[in-house]
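A.B. asks: Below is a structure I'd like to ask you about.
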Amino acid sequence: MPEDRLTPVTVIGLGSMGTALAEAFIKAGHRTTVWNRTTTKAAPLVAMGAEHAASVEDAVAASPLVIACLTTYDDTREALEPATAALGGRALVTLNSGSPAGARQMAAWAVGYGARFLDGAIKNVPSAVGAPDTLLYYGGDRTVFDEFESTLKVLGGDTVHLGDDADLAALYEMAVGGTLLPALVGFFQGAAAVQARGLAASTLVPFTAKWLEMINSVLPIFAQEIDSGDYSKPMSSVNLFVAGITYDEELGQEANIDVAWQAPLHELLRRAVAAGHGEHSISALVEVLKQPERMA
Ligand SMILES: NC(=O)c1ccc[n+]([C@@H]2O[C@H](COP(=O)([O-])OP(=O)(O)OC[C@H]3O[C@@H](n4cnc5c(N)ncnc54)[C@H](OP(=O)(O)O)[C@@H]3O)[C@@H](O)[C@H]2O)c1
């Protein structure tokens, strides 16, 4: 039974994540209106107590706070197009992945129809929605965040407003997410290497976990070096990493693993040496990654 004192919420987009968001609001006692292009996905939520809007316009009109969780910003605009007349004065929050440019475009579109706009990112999987330590961050209209903070915290206790720029969540989402694929592929390479010796990938897990803790612990040191631009007191130098290149290649041959995905990383190390960073901290790779200013 919804509680009258709690903010009514609309959730648009009932994929894996949108369904988890709607469930969290229903369980917390919010009157929750849902809409999805494929209408059958609303049924389990209706069984839990959600109201199913007959149209996307009805869904937007049902609540002061509208949360859209579709695949992309383009999909969100396409789905909301029939509901633009209802957006005026409402708080629209998007919770999809995308680029900062996509978030800015989305914000301009929403504000153009009179909506108050916030863009967020969920830094976890659907099953973690609603947990006290689940992280969500937002960028955009601070008044929306302040007004609805307690409602947004239903989705995760670690809820942060990054600033008034609507592209900040997308920026941090991508900046943080950049670690994911290289870290995972590194783990998969390690798993293939131990399997090649007849050992289970699971034997690697405690050691890789400890390794990731070590990486976690040195990030503030690297960030300090990058922010100050002083790479002269290396904990681990670029040259040290260059020395390891041959080990990767030898392991690849011995374990019959394709280590070609590492070639661009090795190339980056060599470019750093060529640029005079050999004796500098490995964090000096940031300087190699930065492109020279494009000419106007
Ligand atoms: N799942 C995760 O682990 C996770 C974690 C963090 C962030 N996210 C982000 O959350 C967002 C949603 O992810 P998801 O896992 O829920 O994806 P999903 O299960 O594939 O669901 C996608 C949703 O978007 C809707 N949709 C897509 N294009 C549409 C269009 N043109 N018009 C109307 N509706 C459209 C789909 O409607 P139909 O049902 O009609 O197809 C569905 O409701 C993504 O941006 C994702 O990156 C997901």
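The values are calculated or read from the model by the stated rules, or taken from the named source; none is laboratory data. This one's a predicted model, so the numbers in the text were calculated from it and none came from an experiment. Virtual Cβ from ideal backbone geometry, glycine too; neighbours counted across all protein chains shown. Surface accessibility is based on the protein's heavy atoms, side chains included, excluding ligands, DNA and RNA. Shrake-Rupley method; radii C 1.70, N 1.55, O 1.52, S 1.80 Å.
A.B. asks: From (1) over 16 Å from Pro126 (Cβ atoms); (2) among the β-branched types (Val, Ile, Thr); (3) assigned to a helix (DSSP H, G or I), pick out the condition that doesn't hold for Ile26.
C.D. replies: Unmet for Ile26, out of (1) over 16 Å from Pro126 (Cβ atoms); (2) among the β-branched types (Val, Ile, Thr); (3) assigned to a helix (DSSP H, G or I): (1).
A.B. asks: What's the number of the condition Asp158 fails, among (1) touching a residue at least 24 places away in the same chain (Cβ under 8 Å); (2) open to solvent by 80 Å² or more (accessible area, probe 1.4 Å); (3) charged (D, E, K, R); (4) under 30 Å from Glu23 (Cα atoms)?
C.D. replies: For Asp158, the failing item is (2).
Results for (1) within 30 Å of Ala110 (Cα to Cα); (2) in a helix (DSSP H, G or I); (3) in the same structural domain as Ser283 (by TED's automatic domain parsing); (4) more than 24 Å from the chain's Cα centre (by Cα), shown as yes or no for each residue.
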position	(1), (2), (3), (4)
Lys153	yes, yes, no, no
His161	yes, no, no, no
Asp165	yes, no, no, no
Ala170	yes, yes, no, no
Gly198	no, no, yes, yes
Phe207	no, yes, yes, yes
Leu212	no, yes, yes, no
Phe222	no, yes, yes, no
Pro234	no, no, yes, yes
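A.B. asks: Follow-up. I need every pair where a residue in the range 46-72 that is assigned by TED's automatic domain parsing to the domain that holds Gly102 and assigned to a strand (DSSP E or B) has its Cβ under 9 Å from the Cβ of a residue that is among the acidic types (Asp, Glu) and away from the ligand (no atom under 13 Å from the Cβ), sequence separation at least 6 or different chains.
C.D. replies: Pairs that qualify, where the first residue is assigned by TED's automatic domain parsing to the domain that holds Gly102 and assigned to a strand (DSSP E or B) and the partner is among the acidic types (Asp, Glu) and away from the ligand (no atom under 13 Å from the Cβ), are Leu65/Glu147.
A.B. asks: Name the residue that is nearest to the ligand (Cβ to nearest atom), counting only residues in the range 106-140 that are part of a strand (DSSP E or B) and farther than 19 Å from Gly88 by Cβ. Reasoning before the result, please.
C.D. replies: Pass one, the range 106-140, residues part of a strand (DSSP E or B): 116-122, 135-140.
Next cut, farther than 19 Å from Gly88 by Cβ only: 120-122, 135-139.
Working: Gly120: 10, Ala121: 7, Ile122: 4, Leu135: 11, Leu136: 10, Tyr137: 12, Tyr138: 14, Gly139: 15 Å.
The qualifying residue nearest to the ligand (Cβ to nearest atom) is Ile122.
A.B. asks: Something else: Among the candidates Gly139, Gly163, Gly156, Gly130, which residue alone is closer than 21 Å to Arg31 by Cβ and in contact with a strand residue (DSSP E or B) (Cβ under 8 Å, 6 or more places away or on another chain)? First the steps, then the outcome.
C.D. replies: Values: Gly139 fails: closer than 21 Å to Arg31 by Cβ; Gly163 fails: closer than 21 Å to Arg31 by Cβ; Gly130 fails: in contact with a strand residue (DSSP E or B) (Cβ under 8 Å, 6 or more places away or on another chain).
From the options Gly139, Gly163, Gly156, Gly130, the qualifying one is Gly156.
A.B. asks: I'd like the residue in the range 49-103 that is within 14 Å of the ligand (Cβ to nearest atom) and of a type in the set (S, T, N, Q) and, out of all such residues, is modelled with the lowest pLDDT.
C.D. replies: Ser97
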